[in-house]
């Protein structure tokens with residue numbers, strides 16, 4: 001059973017999980033990593049969910065304000081050894097519940113087309129592909145999603 005906690009971006013377990021995520025993305029994003037990485041500062045994130053399995057942090061996700069109706073899902077990650085067990089789904093659902101509690105109507109997000117597992121995961125989680133937004137508008141590797149809560 002996974003234990004979920006709500007916290008913020010100052011949490012040490014979150015910081016360490018994000019380091020693992022960034023190392024993974026540096027490989028998959030290839031030469032576009034620096035572009036994407038500039039939009040992933042965690043100091044602006046106030047709402048973080050961390051998943052623990054057997055008292056070890058195994059995954060995380062966050063939401064941040066995008067506009068008055070939507071939050072943007074950021075920094076979703078489950079450590080490779082913990083994947084395939086439904087932990088990411090539980091973390092994402094907790095983020096969606098939190099967004100609703102905060103009064104938001106939808107979640108949006110961006111992921112890279114090279115993150116095939118992530119793309120499949122968001123489709124499975126009932127996210128719909130939308131036109132690329134904001135800084136991702138002209139990025140061929142980006143795919144953006146939205147889910148109405």
In the Gaussian network model of the chain, springs joining C-alpha atoms below 10 Å, which of 101, 72, 110 carries the largest mean-square fluctuation? 101
Given labels modelled 7 Å from the Cα in the Cβ direction, how far is it in nm from residue 68 to residue 22? 3.5
Can you give me the three principal axis dimensions of the stretch 45-115 from its C-alpha atoms, in Å, biggest first? 37, 29, 19
For a footprinting-style exposure proxy, rank 133, 122 by other Cβ within 10 Å, fewest first. 133, 122
So which residue, out of 49, 116, 129, gets the largest mean-square fluctuation from a GNM of the chain using Cα contacts under 10 Å as springs? 116
Would you mind computing, in nm to one decimal, how far apart the modelled labels at residue 132 and residue 93 are, each placed 7 Å from Cα along Cα→Cβ? 3.3
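A short reminder: the numbers here are calculations on the coordinates, not readings from a lab. Just so you know, these numbers come straight off a predicted model, no measurement behind them. No Cβ is skipped: glycine too gets one built from the backbone with ideal geometry, and neighbour counts run over all protein chains shown.
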